[in-house]
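Have a look at the structure below before the remarks.
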Amino acid sequence: MSKGLAVQLDVHAPHGAESEGERANYHAHLLITTRRLGEDGFAAKKARDLDPVIKRSAGRATVAEGEAWGVLWRDHQNQYFASQGFSIRVVATSAVPQEHIGPMRMRAADAEANVRAEQIRRANEEAARDPEKVLGVLTRNQASFSEYDLDRHLKKHIRDEHERAGVKAAVFGRQDVLALYDRETGEALGRWTTQAVREQESLALADARRVAAADHRNVGSGVSQAASAQGLREDQLAAFEHATGSGGLKIIEGRAGTGKSFALGSIREAHERSGYRVVGLAPTNAVAQAVMEDGFDRAGVARSSTVHAELFRLNNGRGSGIAALWLSSTRRR
């Protein structure tokens, strides 16, 4: 691995089991060393710098970034599926988080794990019968959903076809479910959202307007002239002047291969000369890593992170003087 640790990876094919889910249970086990492996063997000390972030909560030690690992692994799998042309995706469509407790054949009939698994299954099945909870799950990680998303969720938790049809009709019959249409043609997009999500988006737009109207130190004409001498094209220079001018929020949009990284490098340098620290932000860990690998590091941004992680740092007094560059991937996931 890039971190210097050794990994043993075992991929297991499905085995004989009672349930259909376990019979289709392709899975993998990873055994990772705690010490780095070099030319002279394993290091004397454990790689403590790679340990997850630990914090204290109610007197107990908890992993602060445990959920992020799940998101990172989900995005990694979905990226692979998309690259191979598979339509399947890993989605978090359970109202109650499930646990990996091993195959049935390795558990005693009265094991506590069986009882816990059955309780979780019943809780998810009950939640799938509640249209409000179904909408909460479908819009937990995305702003809209399709009919296919709804069908897949209901089929996962409700066996009876007629009962699924009833819940589906109840979901689409709710007054807070909003159909989405194309802005230009007015045609239905085959996707829906909820009034709650729309209200959150309205609040986000209102926040954006307040940020845009806030005072922002102009980097100055001297810095702008220096940037123009760096070989920026006319469109790149226009983007530079837009991003370094007054105002707290600026948006730059450009297709792949149009030189965004080069222009952003000049924008980054201009802000750093004016005393700002620039951090690249992305919606997820996977996107943050992907955009850096795709060449955004050429812009000279020393660190990329997720929006949530940076907000966490700011809320805990760990960040200041940041001119954030929001990075968004154009890859379909």
*Tell me, in nm to one decimal, what length is gained between residue 184 and residue 76 on full extension, where the rule is 0.36 nm per residue of separation less the Cα-Cα distance?*
35.5 nm
*What does the highest-first list of 37-45, 206-214, 134-142, 157-165 look like by mean Cβ count within 10 Å?*
134-142, 157-165, 206-214, 37-45
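What is the calculated FRET efficiency for residue 272 to residue 316, with r their C-beta to C-beta distance and R₀ = 41 Å, to the nearest 0.05? Mind showing how you got there, number by number?
Values: r = 24 Å, r/R0 = 0.57.
The pair residue 272/residue 316 has a calculated efficiency of 0.95.
Any read-out appearing in this document is the output of simple, stated calculations on the displayed coordinates, not a laboratory observation. Treat the numbers as computed from the prediction; the structure is a model and nothing was measured. Methodologically, a virtual Cβ is constructed for each residue, glycine included, from the backbone with ideal geometry; neighbour enumeration extends over all protein chains shown.
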